[in-house]
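Asks: Just dropping this structure here.
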Amino acid sequence: MKICIVLHSYSGITRGVAEKIRTACGGDLVEVKSRKEYSKISAYTIGCMRARRGEKDPIDPDVIDVTPYDLVVIGTPVWAFRATPAMNGAMAALKGCEGKSAVIFATCGGSPGETLPFMRQALGEKGMNVRGECVITKKDLGTGAKTDELIALVGASGNP
Ligand SMILES: Cc1cc2nc3c(=O)[nH]c(=O)nc-3n(C[C@H](O)[C@H](O)[C@H](O)COP(=O)(O)O)c2cc1C
């Protein structure tokens, strides 16, 4: 099973989870970067406003071709109860994703809000089949159990 792990991470937590998935399950990591620069202040002002509105940041890479993969794992931090604007950009940038299986996850302080339902919707509109989802809060990171659950979910989601 070929896995592509697409992620955005502002302060490193989502990247850390993505790296654990890759260590356990294999696969390629695609970390998207926003071309907009967010300071700690502008992340909470402009970034949260853009996240609430579902706006898409321009990102690098600007096209994410997942044609060669069997499963796409997509992870985002939560900003203002939504996916980050960079993640919105990443979902729009997915190419070759029609009919592909996906597992989505979000890391957050404790209040994921509508992040995963909105991601499900956006990916469903691109023809993806979201087979599982997981929220990892700051508290969950302490035990690692939730990350293990996510890894098990990824392992189980690749085959029809
Ligand atoms: C601008 C901003 C907005 C945030 N909004 C939320 C939120 O609405 N709910 C929540 O539980 N955590 C929120 N957080 C916390 C992050 O989602 C959490 O720390 C996440 O794990 C960070 O992931 P990262 O290190 O990959 O960027 C916010 C953090 C930032 C910087």
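The values are calculated or read from the model by the stated rules, or taken from the named source; none is laboratory data. What you see is a predicted model; the values in this text were computed from it and never measured. As a convention, Cβ positions derive from the backbone with ideal geometry for all residues, glycine included, and neighbour counts pool all protein chains shown.
Asks: Going by the structure shown, is G54 closer than 26 Å to L153 by Cβ, more than 10 Å from the ligand (Cβ to nearest atom) and surrounded by fewer than 23 Cβ atoms within 10 Å (Cβ to Cβ)?
Replies: Working: closer than 26 Å to L153 by Cβ: yes; more than 10 Å from the ligand (Cβ to nearest atom): yes; surrounded by fewer than 23 Cβ atoms within 10 Å (Cβ to Cβ): yes.
Yes: the conditions hold for G54.
Asks: Right, next: Which one of the conditions (1) over 14 Å from the mean Cα position of the chain (by Cα); (2) more than 17 Å from A152 (Cβ to Cβ); (3) buried (at least 17 other Cβ atoms within 10 Å of the Cβ) does R15 fail to meet, given that it meets all the rest?
Replies: (1)
Asks: Take I74 and tell me if it is surrounded by fewer than 23 Cβ atoms within 10 Å (Cβ to Cβ), under 15 Å from A102 (Cβ atoms) and modelled with pLDDT of 95 or more.
Replies: Against the criterion (surrounded by fewer than 23 Cβ atoms within 10 Å (Cβ to Cβ), under 15 Å from A102 (Cβ atoms) and modelled with pLDDT of 95 or more), I74 does not qualify.
Asks: When region 20-49 is examined, which residues are found to be closer than 25 Å to L150 by Cβ and aliphatic (A, V, I, L, M)?
Replies: Selection gives I21, A24, L29, V30, V32, A43.
Asks: Could you check region 122-155 and list, in sequence order, the residues that are over 17 Å from V6 (Cβ atoms) and more than 14 Å from the ligand (Cβ to nearest atom)?
Replies: Hits for region 122-155 are T143, G144, A145, D148, E149, A152, G155.
Asks: Looking at Y44, Y10, Y38, can you tell me which residue is free of Cβ contacts under 8 Å to residues at least 12 places away in the same chain and among the aromatic types (F, W, Y)?
Replies: Sole residue among the options that is free of Cβ contacts under 8 Å to residues at least 12 places away in the same chain and among the aromatic types (F, W, Y): Y44.
Asks: Before we move on, is I46 near the ligand (Cβ under 10 Å from one of its atoms), surrounded by fewer than 14 Cβ atoms within 10 Å (Cβ to Cβ), at pLDDT 95 or above and on the phi < 0 side of the Ramachandran plot?
Replies: No: the conditions fail for I46.
Asks: Might you check whether a residue that is under 16 Å from the mean Cα position of the chain (by Cα), of a type in the set (S, T, N, Q) and under 20 Å from L141 (Cα atoms) occurs anywhere in region 21-44?
Replies: Scanning region 21-44, I find no residue that is under 16 Å from the mean Cα position of the chain (by Cα), of a type in the set (S, T, N, Q) and under 20 Å from L141 (Cα atoms), so the answer is no.
Asks: Which residues, counting only those in region 33-59, are closer than 21 Å to P117 by Cβ and in contact with a Ser or Thr (Cβ under 9 Å, 6 or more places away or on another chain)?
Replies: G47, R50, A51, D57
Asks: Go through region 77-117 and count every residue that is in contact (Cβ under 8 Å) with a residue 60 or more places away in the chain and either surrounded by fewer than 24 Cβ atoms within 10 Å (Cβ to Cβ) or more than 16 Å from the ligand (Cβ to nearest atom) (or both).
Replies: Summing the residues that are in contact (Cβ under 8 Å) with a residue 60 or more places away in the chain and either surrounded by fewer than 24 Cβ atoms within 10 Å (Cβ to Cβ) or more than 16 Å from the ligand (Cβ to nearest atom) (or both) in region 77-117 gives 2.
Asks: For region 103-127, give me each residue that is in contact with a Cys (Cβ under 7 Å, 6 or more places away or on another chain) and not charged (D, E, K, R).
Replies: F105, G127
Asks: Determine, yes or no, whether Y69 is aromatic (F, W, Y) and either free of Cβ contacts under 8 Å to residues at least 12 places away in the same chain or not in a loop (DSSP other than H, G, I, E, B) (or both).
Replies: Considered against the rule, which asks whether it is aromatic (F, W, Y) and either free of Cβ contacts under 8 Å to residues at least 12 places away in the same chain or not in a loop (DSSP other than H, G, I, E, B) (or both), Y69 comes out as no.
Asks: Looking only at region 118-148, count every residue that is without any contact (Cβ under 8 Å) to a residue 24 or more places away in the chain, closer than 18 Å to E55 by Cα and among the small types (G, A, S) and tell me the total.
Replies: Qualifying residue count for the region: 1.
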